[in-house]
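The values are calculated or read from the model by the stated rules, or taken from the named source; none is laboratory data. The shown structure was predicted, so the numbers you read here are calculated from the model rather than taken from an experiment. FYI the Cβ positions are ideal-geometry reconstructions off the backbone, even for glycines, and counts take in every protein chain you see.
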Amino acid sequence: MSTRNYYTGKYSLDKHEYLTAKHYALRYRKWKDEYKALEDSSRAIRYDVDRVQTSNNFDPVSANAERRAELDRRIHLIEDTARETDEQLFKWILQGVTDEYATFKYLSSVKHIPCGRRQYYERRRRFFYLLSQKL
């Protein structure tokens, strides 16, 4: 039983590879927000708001640092892949693959992407191909 290929040609991906890469990229904004929320890891515990853990094995600063490192790795994987896809179109590709509503029409009319539809969608296919290879 074969799966349908979403992209054919030199950036060929089967359905599951494409969907894995697509949904990974769509989590980018969530990861950026979570990363920003974890910036202040040295804040004092507020006993009226925070749940205090009494176990001696839990280190909240270390756990926070580990989570930030993982989020940073994921964020940079997506950004680096978009940059590797096309250095000049980096910011438009990044927005196009991390935001469900950033269609080519939006990117061209509002964000003034400096390329045509065919070139943009080829770069988009290349992004998902490269990301799939890295995952």
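Just one of the listed residues (84, 66) is surrounded by 13 or more Cβ atoms within 10 Å (Cβ to Cβ) and of a type in the set (Asp, Glu), and it is 84.
Provide a single number: the residues in the stretch 81-93 that are closer than 18 Å to residue 29 by Cα and touching a residue at least 40 places away in the same chain (Cβ under 8 Å). Working first, answer last.
First, pick out the residues of the stretch 81-93 that are closer than 18 Å to residue 29 by Cα: 81-83, 90-93.
When the remaining residues are screened for being touching a residue at least 40 places away in the same chain (Cβ under 8 Å), the result is 81-82.
Number satisfying all stated conditions: 2.
Comparison of 25, 44, 69 shows that the only residue that is among the aliphatic types (A, V, I, L, M) and modelled with pLDDT under 80 is 44. Taken over the stretch 96-122, the criterion of being surrounded by fewer than 13 Cβ atoms within 10 Å (Cβ to Cβ), among the charged types (D, E, K, R) and touching a residue at least 24 places away in the same chain (Cβ under 8 Å) is satisfied by 100 alone.
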